[in-house]
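What follows is a single structure, written as C-alpha cells, with notes after it.
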Amino acid sequence: MISMIQAAGWPIWPLILCSIAALALVIERLSSLRPSRVAPATLLDEVLSITRQSLPGDEVIRKLADNSVLGSVLAAGIRAASQDHVRDEAQLRQSFESAGRAAVHRLERYLNALGTIASAAPLLGLLGTVVGMIEIFGAQSPASGANPEQLAHGISVALYNTAFGLIIAIPSLMFYRYFRGRVDEFVLQLEVAAERLLPNLLRHAA
C-alpha cells in the first residue's frame, strides 16, 4: 500500500485526506443518528402521559430538551404553552416549527460535506491520472524511443488515482444516501409527535 501511494504521486494525498474525512464523518453520523439520541421509542408516550393532566415544571422541561432531538422539539412546544401570551394554535405551531427547523439542521449536520466528498473523489482521482499520464508521456525521449513495458507500468501506476478515488466515492455516496433516508424518517417522526402533543397543549393553553 505504501509503495502504491508513493508510486501514485502527489495527487493521491488529497484523496487520502478525503478518505480520512469521510470515515470520520460516517462514524460521527452513525453515532449521532441513532434512534436513542434522536427519537427514543417511549419518549412521546411519556410526554403525552405527563401533559394530559398538567404542564410540567421548568426543570422537567429542561431535562426533556436535553434528552434527545425529539425531546428538544416537544420541550419547545411545552415551554410555549406555559407562557401567558401563547393562547392559540397558530402560536403553538410556530414554536414547534422553529424548534423543528433547528432539529433538522442538527440532523443534517455534515451531510453536505459527505456528499461533496462523494462527488469530488472521482474527479480528484481523474485529475491524478491525467497528471500521471502527462508526466509519463513527457518523460519519453524521442531519441531513445518509447519502452512499451515502462509505458504500460507508468499508465497502471497513474490509474491508481482513479481507482482510489472510486474506492472513496462509492462508500461515501452509499452512506450519504443512507443518512439522507434516516433524516427524512426522523423528520417525519418529529412532525407526527408534534401533532400528537398539540391537542394536550391547546387544552392547557386555553
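Every number here is computed from the coordinates shown, using simple stated rules; none is lab data. Here the structure is a predicted model, which means the values were calculated and not measured. Positions of Cβ are backbone-derived with ideal geometry, glycine not excepted, and every protein chain shown enters the neighbour counts.
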Calculate the translational D of the stretch 33-130 in whole µm² s⁻¹ from Stokes-Einstein, where the hydrodynamic radius comes from the Kirkwood formula applied to all Cα pairs, the temperature is 10 °C and the viscosity 1.306 mPa s. 100
Helix-only CD estimate at 222 nm, as mean residue ellipticity for the chain, using -39500 (n - 2.57) per DSSP H run (n ≥ 4): -28500 deg cm²/dmol
State the percent of C-alpha pairs, over all pairs in the stretch 157-203, separated by a distance greater than 18 angstrom. 58
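Please state the equivalent ellipsoid semi-axes for the chain: what are the square roots of 5 times the Cα gyration tensor eigenvalues, largest first, in whole Å?
Semi-axes from the Cα gyration tensor: 58, 13, 11 Å.
So if we plug the beta-carbon distance of Leu48 and His105 into 1/(1 + (r/R0)^6) with R0 = 22 Å, what FRET efficiency do we get, rounded to 0.05?
So the FRET efficiency works out to roughly 0.25.
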